[in-house]
Each structure stands twice: as C-alpha cells, then as structure tokens.
Amino acid sequence: MERYRKLLEHVAPAHQEQLLRFWNELSPAGRDQLAAQLEAIDFAALNELIGKYVLQRPETEIPADLGPAPYFPLKPRDGAQTALYERAAQRGAELLRNGKVSCLTVAGGQGTRLGFDGPKGTYPIGPVTGKSLFQYFAEGIQRAGEKYGCRLTWYIMTSLLNREATETFFREHDFFGLAPEQVFFFTQGTMPAIGYDGKLLLAAKDSLSLSPDGHGGTLLALRKSGALDRMAAEGVDFLSYFQVDNPLIPMVNPLFIGLHDLEKSEMSAIMLAKTGPFEKLGNFCISNGRLEIIEYSDLPAELAESRNPDGTLRFIAGSPAIHMISRSFIEKLTAGGNLKLPWHRADKKIPFVDAEGNPVKPTEPNGVKLESFIFDAMPLAERTMVLEGRREDVFAPTKNPTGVDSVESCRAMLIDRDARRFEAAGVKVARDAEGKVAAQIEVSPRAVYDDADAAEYVAAHAIREIPAGAKLYFE
Ligand code: UTP
C-alpha cells in the first residue's frame, strides 16, 4: 500500500492517476515494471510538454530574416576552392589514418512505413544477394578501414524495443567480419505516448505506451551509454553519422571529414539539390547567422517556391540526414546530463487499454508521440558547414516497400551506382532504351568501396561487359 501511495503522489500532481487504475490486479513483476516506468518520468516537466505540444498544436515560427543557407558546391567554384577541396580530402584521409573518426548509425526507429517485422537494419536490401542493410554497412566499414589503415569503431543506436533483436542479429552473423569490439550498441531514451486529452496511454495494464524519443535522442544516449567516454579514450574526435535505411552512403567521406575539420565546424551536413519546391526533405536555412533545418511541412509555400533570378529554387538545399559531428560539440551539449532540443509532435494511431482494461486498436489517430530531431542541434553549434552531395552517390532511403523512397528505388539506385562505377572503369553495361541498367548486379562494399576500388577490381577480374538480363554478384 505504501508503494501505491508513493506512486500516486508522484503522478497525482500531473493528473495522471489513471495510470494506476489496474494496480490491484497486477502481479509483483507487473507492479515492478509499471513502478519503474513511472519513477523514471519527471511529471512536472512532462506536464509542460503536454500543455505545449499535445493540448495545443504548436506552430513553427518562421523567422522574418529566414534565408537559404550557404553551402560548398559539389564542383568547386574556382581555383581557390579546388585547392581547398584537395586539401580537405587529404586532411580527411589523414584523420581517418590517425583513427580520429568513428561511424554512427541511428537504428532505433520503428520503420512503420516499411512494415517489416524486425529491426530495419536487418532488412534484406542487397539487389542480388538479399544481404541486410547492416551487412552492407559492415562491409563498407571494413573496406574503408583497410583503405585508410585504421580500425573504424561503429556506434549503433538502437531503441529499447529493438536492441536485443539487433544484437542477436549481429551475433548470429559473426558481426559480418568485424571484430565484435568494433561495434558499440547503445540505446536511446523513450517517451510516453499521450492521448489527445493529455493523459498518458497504457499499452497494457502494467505498462505505459513507450516509444523511442527520436534521433535527437542520439546525443544524450551517446553520453549516458559511455560511448563519448570510449571515443575520448580512443582519441576519436569525429562521428560520421548516417541513417540505417540509406545503404548508398559512403560510411566515411574524406572530403566531408576534412572540410568539417578545416572549417572548424562543430556539426556539418550534406545537402542535396531538391527535385522540386515541395520535396519531402528538411530545408537548410539561415536565420540570425545560425544554420537551421526547417521541415518541408513547415516551410511556407511562398518561400518554398521562391526562385533566384536564374530560375533555380532559392531554398534548393535539402537534407538527407548525413552529418559530421565533433565529439567536443556533443560533450558541450550534453554536459550535466541534459540536452534541450525542441520536441516535435507526431499524431499517431496508438494502441492502448481502455478504462475497462480492454485493448483498443484505433483506426484514427488518437494521440501524440513526441520526438526530438538531431538536426535541431545545428543552430546550437558555433560553427557549421554544409557540403553539396550528388544524390545518386549518397542517398537512397528505404522508407516504403514500393514507390518513392522505397526498397525498389533503393535497389535500383544501388545497381545504378555500381554500374556507373564499372562503366567509368571501362566496362560495357547493358542499359535499356530509357538508360536503366538492364541487368541485376550487386557489388560488395567489402570489395569496392569507391571509384578507385572499382577501377582496380575491374582490372584485376578482367570484367569487360555486363550483358542484358545478367544477374551477377561481385565480391
Ligand atoms: P525515420 O524518421 O525515417 O523513422 O527515421 P523510421 O522509424 O525509420 O520509419 P517510420 O517513420 O516509422 O516509417 C530516420 C532514421 O532515424 C532513426 C531510424 O532508425 C532511421 O535510421 N531513428 C528514428 C532512431 O534511431 N530513433 C528514433 O526514435 C527515430
């Protein structure tokens, strides 16, 4: 009774007594679980968020001085910039050789749109082999380490919901050839789901409905998990950040790493030229001298559609969520064990148990999940840097089973990238009337990490032609 009373005192000031509604029915283990979940919550702080984000619908304020962010173009503008890019690529390679860089993959999302049962990183993306996203990255990390004579540590953020399944997958596959100690799993925080009436929802009589707190949770989770300490101990200063659903990414990019360092940037980003004013990418903007990303849904149409005198979009720079982040910046932001990033509201259909204890699966959104986003750290940086990337070389997101940003489009982009690399090395690749590769090919990133590798590989294996209809795996 004493325990119940204490918990009630904890939740009552925030008017969340309904969470203890089934207490008398719970097993000892159920009580322990619910009590631990409730005790972990600062209800006064949560109540503020509920008032701000759930009971009202916050509008993103668009600053009056908002302008497009400057960036380093794909092709250097002049001789001085050419020299800078050359120096940066050398600097990046040197930082890699000196073990100053680690990889960071955020893999804690729920992959709802993909509708795949299991952590998204275990999805069989390989166009020919069906190898998983995780394997794809692991092979690239291994080859990059070999090229730069370093052993890259790979930090992988999971959520409470998929940590175990993710680790098991790695163990079952012998870490895809990586040394187990090269891979550091850590778990992001959770946030409780909140009904439209401001009441927290129960997923079961003995459990809150909890979900991952967004990729913004990465920064604090890096500190809490000891990842930052490990980086410091190993002398690693920079993280190469990418999302688990983008296998086209070069896991480490010397030019990007080097520019980040030469520009003394704390957090940098790759930008892509948007395909149209309303492409669903965050927009790189600048306001009051600070870089910020405004979500596509928040950028007013007149700004999204505004054009330069030459007809190009003013807000051309979209974000594919590829970053370089300095360890010192994360240490600064998370000092004291707190990180204040804004929250974003997502309206969702959230299963819950009702007042009678019956499970309900809503068909319409019934509540809100709150998430923070990593890119909201950019305005907090003293210095930032944005570099243009070539879409077909860096960004093939796997969000949906078919259509835009899908498994299909991702596989096609992987095939096309490998075909282009082979073509550049002198291979004749069959293409159809529309220019699409007319064969299914897959090249292991363990064998070919970049264009230079492709040229060597093609020469060593005397590859001359990829005929139409072929299905080939190169490893
Ligand atoms: P998305 O926003 O695309 O979400 O995540 P998702 O969970 O993969 O897919 P949907 O929206 O449910 O369909 C972009 C990246 O951020 C990671 C994801 O794993 C993915 O790599 N992420 C997202 C986290 O690590 N944690 C989160 O809480 C959210």
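Overview of values
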quantity: Computed magnitude of the charge dipole of the chain (debye, nearest 20; Cβ of K, R +1, Cβ of D, E -1); calculated: 300 debye
quantity: Taking the C-alpha atoms of segment 262-313, convex hull volume expressed per residue in Å³; calculated: 119 Å³
quantity: Under 17 Å from the Cα of Lys428 - lysines, other chains or at least 8 residues apart; calculated: Lys436, Lys471
quantity: Centroid-to-centroid separation of segment 357-391 and segment 207-285 [C-alpha atoms, Å]; calculated: 13 Å
quantity: 12 Å tail of the calculated P(r), segment 403-452, as % of Cα pairs; calculated: 66 percent
quantity: For segment 170-265: span of alpha carbons on each principal axis (Å, largest first); calculated: 50, 38, 30
quantity: Compactness of segment 338-474 as Cα Rg over 2.2 N^0.38 Å, two decimals; calculated: 1.60
quantity: When segment 112-152 is reduced to its Cα atoms, the Kirkwood hydrodynamic radius in Å; calculated: 11.4 Å
quantity: In Å, descending, principal axis extents of the Cα set of segment 1-117; calculated: 76, 43, 30
quantity: Amide H within-cut-off set for Glu292, under 5 Å, with H built and near neighbours excluded; calculated: Cys285, Ile286, Ser287
quantity: Value of [θ]222 nm, deg cm²/dmol, for the chain, DSSP H segments ≥ 4, -39500 (n - 2.57) each, nearest 500; calculated: -9000 deg cm²/dmol
quantity: In Å, descending, principal axis extents of the Cα set of segment 61-148; calculated: 49, 46, 26
quantity: Cα pair distances in segment 182-328, grouped into 10 Å bins until the bin that holds the longest one, percent each; calculated: 9, 28, 31, 22, 9, 1, 0
quantity: Ratio Rg/Rh, restricted to segment 105-259 and using Cα atoms, in which Rh is the Kirkwood radius; calculated: 1.00
quantity: Kirkwood Rh, Cα atoms: Rg over Rh of the chain; calculated: 0.99
quantity: Environment charge at Leu228 (Cβ cut-off 10 Å; Lys +1, Arg +1, Asp -1, Glu -1); calculated: +2
quantity: 25 °C / 0.890 mPa s Stokes-Einstein diffusion coefficient of segment 303-351, Kirkwood radius on C-alpha pairs, µm²/s; calculated: 159 µm²/s
quantity: Unit charges at the beta carbon, dipole of the chain: most positive-side option, Gly389, His461, Pro119; calculated: His461
quantity: Percentage, to the nearest whole number, of Cα pairs in segment 26-182 over 28 Å apart; calculated: 55 percent
quantity: Violating pairs (Cα-Cα greater than 22 angstrom) within the set Lys199/Lys369; Lys75/Lys120; Lys131/Lys369; Lys224/Lys348; Lys52/Lys120; calculated: Lys75/Lys120; Lys131/Lys369; Lys224/Lys348; Lys52/Lys120
quantity: Footprinting exposure proxy for Lys205, Lys6, Lys274 (fewest neighbouring C-beta atoms within 10 Å first); calculated: Lys6, Lys205, Lys274
quantity: Whole-percent pair-distance distribution, where bins are 10 Å wide, for the alpha carbons of segment 243-387; calculated: 10, 30, 32, 18, 8, 2, 0
quantity: Computed Kirkwood radius, in angstrom, where 1/r is averaged over Cα pairs of segment 221-292; calculated: 15.0 Å
quantity: Calculated SAXS-style log₁₀ I(q)/I(0) at q = 0.20, 0.31, 0.33 Å⁻¹ - segment 72-111, Debye, Cα scatterers; calculated: -0.71, -0.97, -1.02
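None of the figures in this text is laboratory data; all of them are computed from the coordinates on show. Everything quoted here is computed from the prediction, not taken from an experiment. FYI the Cβ positions are ideal-geometry reconstructions off the backbone, even for glycines, and counts take in every protein chain you see.
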